1. Give the Rg/Rh ratio for the stretch B:91-130, taking Rg as the radius of gyration of the Cα atoms and Rh as the Kirkwood radius, to two decimals.
2. Mind checking the angle between helix B:71-81 and chain B's longest principal axis? C-alpha axes, 0 to 90 degrees, to the nearest 10.
3. For the stretch A:89-132 and the stretch B:91-146, compute the distance between their C-alpha centroids and round to whole Å.
4. How crowded by other chains is B:47-57, given as the mean number of beta carbons from other chains within 10 Å of each beta carbon?
5. If I build a Gaussian network model for chain B, linking alpha-carbon pairs within less than 10 angstrom, which residue out of B:A67, B:A13, B:A97 has the largest mean-square fluctuation?
6. Enumerate the residues in the stretch B:131-145 having an amide nitrogen under 17 Å from the point lying 7 Å beyond the Cα of B:L41 toward its Cβ.
7. Among B:A67, B:T132, B:Y114, pick out the residue whose Cα is farthest towards the positive end of the charge dipole of chain B, where Lys and Arg carry +1 and Asp and Glu carry -1 on C-beta, about the Cα centre.
8. Work out from phi, with θ = phi - 60° and the Karplus expression 6.51 cos²θ - 1.76 cosθ + 1.60, the ³J(HN,Hα) of each residue of the stretch A:50-67, listed in order in whole Hz, and give x for Gly and Pro.
Amino acid sequence: MSNDYANNTTMRSPLGRVRGLGSAKGGTHHWWMQRVSSMALLPLTIWFALSAASLAGASYETTVAWIARPWNALLLLVTIGISFQHTASGLQVIIEDYANQEWLKMGAILAIKAICVLAALASALAVLRIAV
Amino acid sequence: MPIMQDSREATMAGRRSDGSPVKRPLSPHLQVYDMFQMSSLLSIAGRITGAAWAAGLVLMVWWLLAAASGPSAFATVQWFMSSWLGLLGLFGLSAAAWYHTLNGVRHLAWDAGYGYQIQDTYRTGRWVLIGTAVATVLTWLIAIIAWA
């Protein structure tokens with residue numbers, strides 16, 4: 001068996017091809033955080049979906065009283081934070097898969113992150129304003 | 001092979017069996033597959049329901065901000081959510097949310113190394129579809145009982 005690379009028509013080795021891409025130190029971090037946040041969201045989502053359903057048609061006073069309860073406020077804050085983290089990473093992957101212009105990709109990802117951070121903080125402030 | 005325009009192209013550079021250089025294709029897009037076999041359909045649906053849920057979060061933000069603002073803002077949310085458009089949107093969102101959740105459990109099992117046999121993927125796919133239907137109906141039963 002001869003070396004597969006002996007017949008190369010260029011002198012570039014596989015290592016040479018990947019050089020210039022930068023180190024892959026954080027290569028799995030994004031993927032792993034998606035899994036971690038999805039596991040955290042599993043019980044939180046079931047709790048939120050059933051709670052939201054049981055609040056259907058509830059009055060303003062009932063809803064505010066429900067949000068103000070310590071456990072509900074705590075779980076809402078956690079749900080808000082992890083939901084927007086998970087949403088931002090999921091939408092980022094969709095953009096990375098389909099956007100073929102670098103400026104479009106980078107701009108869309110930054111916009112998504114900005115919107116998610118603002119929406120998460122606004123929601124958290126709303127919960128805190130009711131609960132505290 | 002033309003000069004590389006993008007560093008990612010380095011990972012697409014390959015060789016034919018005769019040694020001549022070739023540019024490998026990017027990951028295949030939707031239209032490459034038969035989109036209506038269960039494996040690809042559920043995969044595509046997983047992504048679509050995730051994106052739909054992102055839109056659904058806007059409703060949650062609106063609901064929380066309105067509750068913090070006061071009775072009149074809250075009444076506007078209640079009016080929208082109980083309108084036909086609002087109810088239709090919420091029903092779609094609840095189904096999308098349950099699908100994405102149950103399909104996510106399926107993905108976690110795959111990540112842990114289980115369920116890769118083709119008949120297993122079809123079986124778990126059917127469980128996800130049945131589970132989505134059951135969970136969505138249960139959620140709305142709770143909502144209707146709470147509302148009534």
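1. Numbers: Rg = 10.8 Å, Rh = 10.5 Å.
With Rh from the inverse mean 1/r over Cα pairs, Rg/Rh is 1.03.
2. 60 degrees
3. 25 Å
4. If you average over the peptide's residues, the count of other-chain Cβ atoms is 4.
5. B:A13
6. B:131-134
7. B:Y114
8. 5, 5, 4, 5, 6, 8, 4, x, 5, 6, 4, 4, 5, 5, 5, 5, 5, 5
The numbers here are math on the coordinates, done by the rules we state, and not lab data. This one's a predicted model, so the numbers in the text were calculated from it and none came from an experiment. Virtual Cβ from ideal backbone geometry, glycine too; neighbours counted across all protein chains shown.
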